[in-house]
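Undergrad: Quick one: structure below, then a few questions.
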Amino acid sequence: MEQAPPAPPLEAPSVEAVAAAARQQALDATLEKPLDFEPPAACVMRIVKSAIPDNIQVTKEAKQAFAKAAGIFIVYLTTCANDICKDKKKQTVTAQDILAACGELELDDVKPQLEEFLAALRAHESGKRKAASAPVEEPAAQRPAVEAPPPAEDEDSDDAPLE
């Protein structure tokens, strides 16, 4: 009987190869599972109702379509902003990354409204921080005056009630 030649020794995979395989596996898992994110229907309908005239009705199917479309848009915008962060070697998505993603997705007509909202939000937040850090003390003029207690009455007084 002939013996098979010995198998060559196995080499350990490189760190880069393992990392690339892990990234590919995570990407495959992400692409395989369906997109399940939908914002709350009540929030979506509040937005839809504010954009259409009062005399327009929205079917149940249209409500579901709006919610699904809103979820897809949020994920799409988030993914684009995350890619911008990765390009900058950052791990935190900021409002500026969202604005850059809007520009990259050619949503230039949305950017001014979003910038205006962010400016108002920042002003509101800084006002809340200032109010929280300021000591709460009433000025002397607004403090209620402390009244002296009434003088003690004599027990022999004629005005004292009879028991």
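The values are calculated or read from the model by the stated rules, or taken from the named source; none is laboratory data. Predicted, not measured: the structure shown is a model, and the values here were computed from it. Cβ coordinates were reconstructed from backbone atoms using ideal geometry, including for glycine residues, and neighbour counts include every protein chain displayed.
Undergrad: Looking at (1) at pLDDT 90 or above; (2) surrounded by 10 or more Cβ atoms within 10 Å (Cβ to Cβ); (3) in contact with a helix residue (DSSP H, G or I) (Cβ under 8 Å, 6 or more places away or on another chain), find the lone condition where Arg46 falls short.
TA: (3)
Undergrad: Between a residue in region 90-107 that is surrounded by fewer than 12 Cβ atoms within 10 Å (Cβ to Cβ) and any residue that is in a helix (DSSP H, G or I) and modelled with pLDDT of 90 or more, which pairs come within a Cβ distance under 8 Å, given they are 6 or more apart or on different chains?
TA: Qualifying pairs under 8 Å: Gln91/Cys85; Thr92/Cys85.
Undergrad: Identify all residues within region 102-138 that are of a type in the set (Gly, Ala, Ser) and either at pLDDT 90 or above or more than 20 Å from the chain's Cα centre (by Cα) (or both); write none if there are none.
TA: Within region 102-138, Gly103, Ala119, Ala120, Ala123, Ala131, Ala132, Ser133, Ala134 qualify.
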